[in-house]
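Q: Let me begin by handing over the structure; questions about it come next.
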Amino acid sequence: MIETKKLKKVFQTDEVETTALNDISVKVEKGEFVAIMGPSGCGKSTLLNILGLLDGPSDGAYEFGENDVSRSNERQRAIIRKGSIGFVFQSFNLIDELTVYENIELPLLYLKIKPADRKKMVNEVLGRMNIDHRGSHYPQQLSGGQQQRVAIARAVVSNPDLILADEPTGNLDSANGEEVMSLLKELNQAGTTIIMVTHSPHDASYANRIINLFDGKVVTEKINQEFHI
Amino acid sequence: MLKNIIKVALRNLFKDKFYSFLNIMGLSIGIAASFLIVLYVVDELSYEQSFKDKERIYRVATAANFGDGQLTNIAASSAPIAEAFKNQIPEVESITRFQPISLNITQGDKFYKEDKVMFADSTFFGVFSYDVLEGDPGNILAEPNSLVLTRSMAIKYFGEDALAEGKVLGEILKTDRGAFAVTGILDDFSGNSHIDFDMLVSMSTNPDALNPIWISMNYYTYLKLIPDVEPATLTDKFRDMIIQYVVPQVVQYMSFPETELTPEKVDQNFKFYLQPFTDIYLTSNLYAEFSTNSNIQYVYIFSVIAIFIIVIACINFMNLATARSAKRAKEVGIRKTLGSVSSKITLQFMMESFIFVIIAMLIALGLTEAFRLPFNTLSGKNLSFNIFQNPWILYMVTGFTLVIGLLAGSYPAFYLTKFNPVEVLKGSLSSGKKNSIFRSILVVLQFIISIGLIISTLLVFKQMSYIQTKSLGFEKENVIVLKNASRMGEMAQSFKQLLESQSEVAKASFTTHVPSHSYWSTAYKTQDDEATDHILFYGFADFEYDEIMDFKMKQGRYFSRDFPSDSNAVIINEVAAFTLGLSGNDCQDAIGKKLETLNFTGERMAVEVIGVVEDYHFKSLHIPIEGLSIRLGSFGDNLAVRVHPGNHRETLVKFEQLWKENIPNLPFEYSFLDEDYAQMFIKESRMSSIFTIFSILAILIACMGLFGLAAYTAEQRTKEIGIRKAMGASSKNVVSLLTREFTKLVIISFVIATPLAWYLMKQWFAAFAYRTSMGVWPFVLAGVIALLIAWFTVSYQSIKAAIANPVDSLRNE
């Protein structure tokens, strides 16, 4: 459903020029669970941001579904992004001033969904993630694992086609991390395409394809023979 | 340690150049504006302060019933009071009179007109401690035809050298009132006083000074009481003197039956009272004041504005400092772990505030001096900002620095030092909801003040335009008034005809008064009611006066050459007709009625009402129109010339030429009627300009603060904005998110400010006899302006934040 051709991303800061991505060509089909791996600084997050339409490439082509978004500006990317892509970040990125319920509701607000429908959708996803009793609490009152579950709930509440996860278990202990990965696997099995950035081989084993990046280039791609169940 | 603190403070200042600049500029402008207001207020409060024994000096004022049932308070008093008081009231240490006059001086072939001259008793310097440079103060005003000059006048007429060599005393100046010898020289008065003169002539030169009439008030009488006497204790003595002197004359001249004048009746209808000398300039607004006084109300208003401005500037400072506190939190945490104690850290931040304030103060001093001259022009004053001449300025500067530094620096300092080092270093310090509530309160306060000022400014503007464009009932445009007409002698009529033959001239008329002048007043009786005296203003004008003034006759006619009996005719206005009880049948009742009055020699005479003119504003719009009567006479000192619209400057040049050719012995002096009239509102005009400017300044400072705060808030919420954008927020969503909160604050401010401003402005409006309604649009407009200002200042930051790339905000730490 998405394809990049010779993607390039260069960052300029004052006098320093950094080429974060150089000649990236990848393809992700609907329903896949792809893991992008590589050491720190190899450009994984940058690639994820571009794939997630949070940023634009300096050069190269990017097709998202039927749209060529290679040179789209922020406004155009926002329109395509809305409702189609859900994000899960390493540091959760919940809004501290909003309750759990309000955090999850946020994407639906921007999709202009009616209040009654919003309520239904949020409550459903709260139940699915087993956090219904936490609806009126604030993020600061939750543990790390619970916060990430809220973040995932927020990511799926609008039933997006694609979920992008950037080091989803990076700030969690192993038990919570396990839980998060199972959740992601379930979602994928239910039909959601997932692209995940990680440097944990354990986490990567949940995916069905692993792309390795090094210094901004794709080095290997392999199908995961052993699916983790 | 101190060096360390200063180093850190300065580095912080330069690190956030934008905020620092905003903060310092806002504070400087605020301080400078306040300084100018303080200079103004101090000047206003300084009147009479340079006189010795000022607390014992009083003006004798008269309160009299002029036949309209009310007591009218008059600043002037009658000629014989001074002598009588001195002889019969031992509590009076010294007493003096003076009377403003003008002199025409001839020196060689030069003519001068001096308008700031006064007749003054020989006791003048016993009451007022002017600095006498040459001559004995007790003597210089004793002999008739004595002239006392100020230093500047001495130099003007005799030159600096003569003055330096002491050759001015004894010199003679030829005037239209005789030849005067210079007997004394005063230093130029360096203080402020409502009494203003350039020359004094001895009262003994004035024959009228000996007149025994107690019921004609043509002099100013000031006295000095012996120490420790309360003016109130003299009330009985005053009453006794009124019974002794005033009552017999009222009986004699105004044909009042003596039996009617019981002590109680007298008390209700005629009083003397003492006005403290130092109160006159700011609070006295009696009939016949020496000159237009000021109003203590304005002193209060401006003081309040100065306080407002400082408060707004301090609020900005506090807001921005606290807002940026989160950035300093890490530094605080580190200092604490390194062994610093809370109080030391408080001290550090206090010192930083002071450094900020000191820098702002230095800039403010520069700004104050830079804007001093324009402000002088605006306020009509001559303020100086010289520390050497006025050491109190130094105290003010130090005081301001301390107060502002403490006030503005205290909250941020205490707030910052409360941070728990552990939480701070872990990074889990939230910016705090409590903190933002306090900040919101400060913003609301600023906007209440700003909105209040906008409303007031709009209302003042509304009233001033109303006053300036209100129909006066006569045409004030295109009238040139030439003075000294009464001394033209035989040339008068021919010169008038000469002018009228000029193409620029429509008509010319001799008149004793034009609107905005001080009219004479006299008493009239109707034939039905011999007992009651009705006081009306009066003046004399010739046959052409109605065409000059272009007023409307309500009934009857204006004077006409066809009726020789018009020399005993009178024209009255509608108010006069009402006062005389002749306003029935739409004032038709007045026509043909005879009124009794006194002529110049005090003899009774009868005049017939031939016309009633529609009321017109012959005096200031400050007061309701009063009763006016016009008599026929062409001896007036004013030659009012109505010219066709055009280039009046050129017309004046022509007039001056004609004047010089035909009446070379009289000075050519003129004024424009519309300018004369506008002069009556000069004080309000000035006030309104000053008020507008300072309001705009206050609002500007509030905006600067809001701008900085919005910038900071947007920056603070960058991460949140990034998340929302990732969740699908459009730029519009983000902008409305950020402006929504400020909009709420502005609306709250508006709701609070409106009733307050309405109430306060209602008081100001009440002081005008002719006023427009406050209406609704100034309030609505103020609200709209405030919202627009808030949106404008906040939106720049919001839009910047909204179109930023979410990635930049979400970058993992």
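Q: About its Cα centre, what dipole magnitude does the protein assembly as shown give when the only charges are +1 on Lys and Arg Cβ and -1 on Asp and Glu Cβ, stated in debye to the nearest 20?
A: The dipole magnitude comes to about 5600 debye.
Q: What number of lysine-lysine pairs in the stretch A:1-115 show an alpha-carbon separation below 30 angstrom, given a sequence spacing of 8 or more or placement on distinct chains?
A: 25
Q: Which value, in debye to the nearest 20, describes the size of the charge dipole of the stretch B:467-580 about its Cα centre when Lys and Arg Cβ atoms bear +1, Asp and Glu Cβ atoms bear -1, and nothing else is charged?
A: 300
Q: So, in Å, what gap is there between the alpha-carbon centers of the stretch B:194-254 and the stretch B:487-507?
A: If you average the Cα positions of each part, the centres end up 42 Å apart.
Q: From the Cα gyration tensor of the stretch B:631-715, with a ≥ b ≥ c the square roots of its eigenvalues, which class applies: rounded if a/c is under 1.5, or else prolate if a/b is larger than b/c, or else oblate?
A: Verdict is prolate for the stretch B:631-715.
Q: What angle do you read, to the nearest 10 degrees and between 0 and 90, between the alpha-carbon axis of helix B:777-802 and the longest principal axis of chain B?
A: 30
Q: Going 7 Å from the Cα of residue B:283 toward and past its Cβ, which residues in the stretch B:215-238 have a backbone nitrogen under 14 Å from where you end up?
A: B:231-232
Q: Please report Rg (one decimal) and Dmax (integer) in Å for the Cα set of the protein assembly as shown.
A: Answer for the protein assembly as shown, Rg first and Dmax second: 42.9, 134 Å.
Q: Lysine pairs in the stretch B:660-813 8 or more apart or on different chains: how many have alpha carbons under 20 angstrom apart?
A: So the count works out to 6.
Q: Right, here's the next one. Search the structure for amide H atoms under 5 Å from the amide H of residue B:119, placed 1.01 Å from N in the peptide plane, and list their residues when 5 or more places away or on another chain.
A: Amide H neighbours of residue B:119, under 5 Å, 5+ apart: B:99, B:101, B:201.
Q: Right, next: Leaving out ligands and nucleic acids, and using a 1.4 Å probe, what accessible area per residue does chain B come to in Å²?
A: Each residue of chain B exposes 45 Å² on average to a 1.4 Å probe.
Q: Treating only the Cβ atoms of Lys and Arg (+1) and Asp and Glu (-1) as charged, compute the dipole magnitude of chain B about its Cα centre; round to the nearest 20 debye.
A: Here chain B has a charge dipole of around 6680 debye.
Q: Accessible area of the stretch B:1-126 with a 1.4 Å probe: how many percent of it is carbon plus sulfur?
A: In the stretch B:1-126, the share of accessible area belonging to carbon and sulfur is 56 percent.
Q: A further question on this structure: How large, in percent, is the carbon and sulfur part of the accessible surface of the stretch B:449-592 at a probe radius of 1.4 Å?
A: 49
Q: Now for a different question. Could you report the accessible area of residue B:552 in Å², rounded to 10, computed with a 1.4 Å probe on the protein chains as they sit in the structure?
A: 110
Q: I'd like to check one number: the per residue accessible area of the stretch A:1-93, probe 1.4 Å, reported in Å² as a whole number.
A: About 45 Å² of surface per residue is accessible.
Q: Run the simple label-point estimate for residue B:605 and residue B:188 please: 7 Å along Cα→C-beta, distance reported in nm.
A: 4.7
Q: For B:726-736, what's the mean count of beta carbons from other chains sitting within 10 Å of each residue's beta carbon?
A: What the average comes to for B:726-736 is 6.
Q: If you take each beta carbon of peptide B:715-724 and count the beta carbons of other chains within 10 angstrom, what is the mean?
A: Mean shielding count: 3.
Q: Sort the following peptides by mean Cβ neighbour count (other Cβ atoms within 10 Å, averaged over residues), highest first: B:93-100, B:258-265.
A: Order by mean packing, descending: B:93-100, B:258-265.
Q: Let me ask something else about it. May I ask you to find the residues of the stretch A:46-79 that are shielded by at least 30 Å² of accessible area once the whole protein assembly is considered instead of their isolated chain (probe 1.4 Å)?
A: Flagged in the stretch A:46-79: A:54, A:55, A:74.
Q: Taking each pair of different alpha-carbon atoms in the stretch B:571-632 once, compute 1/r for the pair, average those values, and report the inverse of that mean as the Kirkwood hydrodynamic radius in Å to one decimal.
A: It is 12.3 Å.
Q: Could you point to the residue in B:401, A:37, A:47 farthest towards the positive end of the protein assembly as shown's charge dipole, with +1 and -1 charges on the Cβ of Lys/Arg and Asp/Glu respectively?
A: Value computed over the given set: A:37.
Q: Moving on. For chain B, what does the relative contact order come out to in percent, with C-alpha contacts under 8 Å and a separation of six or more?
A: Averaging sequence separation for qualifying contacts and normalising by length gives 15 percent for chain B.
Q: Continuing with this model, one more query. Taking a virtual spin label 7 Å from the Cα of residue A:117 along the C-beta vector, which residues in the stretch B:718-754 bring their backbone nitrogen under 18 Å of it?
A: Counting only backbone N, you get B:728-730.
Q: What residues of the stretch B:175-195 lie in the reach of a label at residue B:52, counting those whose backbone N is under 19 Å from a point 7 Å from the Cα along Cα→Cβ?
A: Answer for the stretch B:175-195: B:184-193.
Q: Taking Cα centroids, how far is the stretch B:98-169 from the stretch B:708-759 in Å?
A: Taking the Cα centre of each part, the stretch B:98-169 and the stretch B:708-759 sit 69 Å apart.
Q: For the stretch A:145-226, which whole percent of the accessible surface, found with a 1.4 angstrom probe, sits on carbon and sulfur atoms?
A: The value for the stretch A:145-226 is 47 percent carbon and sulfur by accessible area.
Q: Give the Kirkwood hydrodynamic radius (Å, one decimal) of chain A, defined as one over the mean of 1/r across all pairs of different Cα atoms.
A: It works out to 18.1 Å.
Q: Using the Kirkwood radius built from alpha carbon pairs, what does the Stokes-Einstein equation give as D for chain B at 10 °C and 1.306 mPa s, in µm² per second?
A: Estimated diffusion coefficient is 50 µm²/s.
Q: A follow-up question, please. Given a Förster distance of 56 angstrom, what is the FRET efficiency for residue A:29 paired with residue B:7, based on the Cβ-Cβ distance and rounded to 0.05?
A: Approximately 0.40, to the nearest 0.05.
Q: Between residue B:552 and residue B:253, 0.36 nm times their residue separation minus their Cα-Cα distance comes to what?
A: Here the segment from residue B:552 to residue B:253 would lengthen by 104.1 nm.
Q: Jot down the radius of gyration and Dmax of the stretch B:1-146, Cα atoms only, both in angstrom.
A: My reading of the Cα-based Rg and Dmax gives 28.2, 81 Å.
Q: A follow-up question, please. Using a 1.4 Å probe, what is the accessible area per residue for the stretch A:124-184, in Å²?
A: 38
Q: Shielding of A:87-96 by partners, i.e. mean partner chain Cβ atoms within 10 Å per residue?
A: Whole-number average of other-chain Cβ neighbours for A:87-96 is 4.
Q: Eight or more residues apart or on different chains, and alpha-carbon atoms under 19 Å: count the Lys pairs in the stretch B:1-148 matching that.
A: Close lysine pairs under the 19 Å cut-off: 4.
Q: Tilt of helix A:144-156 relative to the longest C-alpha principal axis of chain A, in degrees (0 to 90, nearest 10)?
A: 80
Q: Rounded to the nearest 10 degrees, what's the angle between the helix B:392-417 long axis and the longest principal axis of chain B, both from Cα atoms, 0 to 90?
A: Relative to chain B, helix B:392-417 is tipped by roughly 30 degrees.
Q: Could you compute how much accessible area chains A and B hide from each other, both sides summed, with a 1.4 Å probe? Nearest 100 Å² is fine.
A: Chains A and B together bury approximately 1900 Å².
Q: To the nearest Å, what is the center-to-center distance of the stretch B:515-588 and the stretch B:635-690, using C-alpha atoms only?
A: Between the Cα centres of the stretch B:515-588 and the stretch B:635-690 lies a distance of 26 Å.
Q: Using the per-residue mean of other Cβ atoms lying within 10 Å as a proxy for protection, in what order, highest first, do the peptides B:749-757, B:269-277 fall?
A: So the order, starting with the most tightly packed, is B:269-277, B:749-757.
Q: To the nearest 0.05, how large is the calculated FRET efficiency for residue B:136 and residue B:477 if R₀ is 56 Å and r is the Cβ-Cβ distance?
A: The formula returns an efficiency of 0.60 here.
Q: Once phi is turned into ³J(HN,Hα) by the Karplus curve 6.51 cos²θ - 1.76 cosθ + 1.60 with θ = phi - 60°, what whole-Hz value does each residue of the stretch B:42-58 show in order, with x for glycine and proline?
A: With coefficients 6.51, -1.76 and 1.60, one gets 4, 4, 4, 7, 8, 4, 6, 5, 7, 8, 6, 6, 4, 6, 9, 9, 9 Hz.
The values are calculated or read from the model by the stated rules, or taken from the named source; none is laboratory data. Everything numeric in this text was worked out from a predicted model, so none of it was measured. Positions of Cβ are backbone-derived with ideal geometry, glycine not excepted, and every protein chain shown enters the neighbour counts. Keep in mind that these areas ignore ligands, DNA and RNA; they rest on the heavy atoms of the full protein, side chains included. Shrake-Rupley method; radii C 1.70, N 1.55, O 1.52, S 1.80 Å.
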